[in-house]
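This report concerns only the one structure given below.
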Amino acid sequence: MTYSGDVQVGGPADVRELPELTITKLAVGPWENNAYLLRCTATGQQLLVDAANDADRLLALLDGGSLDTIVTTHQHGDHWQALEQMTRVTGAKTVAHPLDAPALPVAADRTVEHGDKIAVGEVELEVIHLRGHTPGSIALHYNGHLFTGDSLFPGGVGNTNKDPERFTQLFDDVVQRLFERLPDETWFYPGHGKDSTLGAERPSLAEWRERGW
C-alpha cells in the first residue's frame, strides 16, 4: 500500500518502507499527536520519536521487538505522556535537547545539540535545533525524511504564542536550517496532523513571515 501519512486517533498506523528504514506513523489521543517508530531494516533496532500517549498502542507497534531509543522533540506535555511507562517497560534510552530535557518526567540519558547524530542501527539521524516553539525543540533528518515535532506543519511554523521575537527566531531557523539546506522533495512528518514536503510549503514562506505566525 502507498504511504499517505493520513492517520486518525484510534485508527491503524501507516507504514513507509525505505531501503534502510521503516517508518511507522501512529496518531494517539487526546490531542491528536503523532508518534513515529523508526526501524533499521538491517539490524531491527528501533527508535521512537515522541512517546506522546497511549503506551499500550505504542508498545503494540514494537511487535515483540525491542525499543532502543526514545527521542522527545520538545518539552510540551502532550509529547511525553507515555514516556515514563515506555522507558520502564522497554528499558529504552531517552534523548532530548538540554534546554528542554529538565521539563521531562524521565531524566535524559543523552542530551543532543544542533548537528549531533542519533543512531538507529546502521541509520544516522541528524539533529536540527529549531528555536522558538520551545527553547530546545529539535527536528530529526534522514536522507530526505524530516521529523519536525511542533516546529513545522503544513501551512506554517509552530505556535510561538504571538511573541514576535519567538516567531522570528523559529521562522529564521526553519528557513535557514531546513528550507535553505534541504531539497523540495524532502518529506516532513510533524507532531500533529498530516505530512507535507518542503516543496509544497516553500511558496508560502513570504506569506508566513508577513502574517507573523
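Just for the range 5-25: of the residues that are part of a loop (DSSP other than H, G, I, E, B) and either in contact (Cβ under 8 Å) with a residue 40 or more places away in the chain or touching a Pro at 6+ places or on another chain (Cβ under 6 Å) (or both), which one is farthest from VAL123 (Cα to Cα)?
First, pick out the residues of the range 5-25 that are part of a loop (DSSP other than H, G, I, E, B): 5-13, 18-20.
Filter once more, so that each one left must be either in contact (Cβ under 8 Å) with a residue 40 or more places away in the chain or touching a Pro at 6+ places or on another chain (Cβ under 6 Å) (or both): 5-6, 13, 18, 20.
Numbers: GLY5: 21, ASP6: 25, ALA13: 22, LEU18: 11, GLU20: 7 Å.
Looking at the filtered set, the residue picked out is ASP6.
So that you can scan it fast, the table gives a plain yes or no per residue for (1) closer than 26 Å to LEU99 by Cα; (2) surrounded by fewer than 23 Cβ atoms within 10 Å (Cβ to Cβ):
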position	(1), (2)
TRP31	yes, yes
ASN34	yes, no
ALA51	yes, no
ASP63	no, yes
THR73	yes, no
GLN81	yes, yes
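If you go through the range 179-213 and keep only what is of a type in the set (A, V, I, L, M, F, W, C) and more than 14 Å from the chain's Cα centre (by Cα), you end up with PHE179, LEU182, LEU198, ALA200, LEU205, ALA206, TRP208, TRP213.
Let's see how each residue does on (1) buried (at least 20 other Cβ atoms within 10 Å of the Cβ); (2) among the aliphatic types (A, V, I, L, M):
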residue	(1), (2)
THR69	yes, no
GLN85	no, no
VAL89	no, yes
ALA96	yes, yes
HIS114	no, no
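In the range 62-79, the residues that are over 24 Å from GLU126 (Cβ atoms) reach residues that are surrounded by fewer than 20 Cβ atoms within 10 Å (Cβ to Cβ) with C-beta atoms within less than 6 angstrom, at least six apart or across chains, in these pairs: ASP78/TRP31.
Condition check ((1) over 14 Å from LEU47 (Cα atoms); (2) touching a helix residue (DSSP H, G or I) at 6+ places or on another chain (Cβ under 6 Å); (3) not hydrophobic (A, V, I, L, M, F, W, C)) across all residues:
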residue	(1), (2), (3)
THR90	no, no, yes
ALA119	no, no, no
ILE138	yes, no, no
VAL157	yes, yes, no
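Only one residue in ASP172, ASP150 is among the charged types (D, E, K, R) and either closer than 18 Å to ASN34 by Cβ or touching a residue at least 60 places away in the same chain (Cβ under 8 Å) (or both), so which one is that? First the steps, then the outcome.
On the way: ASP172 fails: either closer than 18 Å to ASN34 by Cβ or touching a residue at least 60 places away in the same chain (Cβ under 8 Å) (or both).
Step by step, each of ASP172, ASP150 is checked, and only ASP150 is among the charged types (D, E, K, R) and either closer than 18 Å to ASN34 by Cβ or touching a residue at least 60 places away in the same chain (Cβ under 8 Å) (or both).
For the range 96-139, residues that are within 18 Å of ASP78 (Cβ to Cβ) and either in a strand (DSSP E or B) or among the β-branched types (Val, Ile, Thr) (or both) total 5. For the range 151-165, does any single residue satisfy the condition of being in contact with a His (Cβ under 7 Å, 6 or more places away or on another chain) and either among the hydroxyl-bearing types (Ser, Thr, Tyr) or modelled with pLDDT under 95 (or both)? For the range 151-165, residues in contact with a His (Cβ under 7 Å, 6 or more places away or on another chain) and either among the hydroxyl-bearing types (Ser, Thr, Tyr) or modelled with pLDDT under 95 (or both): present. Residues of the range 119-130 that are surrounded by fewer than 20 Cβ atoms within 10 Å (Cβ to Cβ) and out of contact with any His (no Cβ under 9 Å at 6 or more places or on another chain): ALA119, GLY121, GLU122, GLU124.
The values are calculated or read from the model by the stated rules, or taken from the named source; none is laboratory data. Note that the coordinates shown come from a computational prediction; the quantities given were computed from them, not determined experimentally. So basically every Cβ, Gly included, is an ideal-geometry build from the backbone, and we count neighbours across all protein chains shown.
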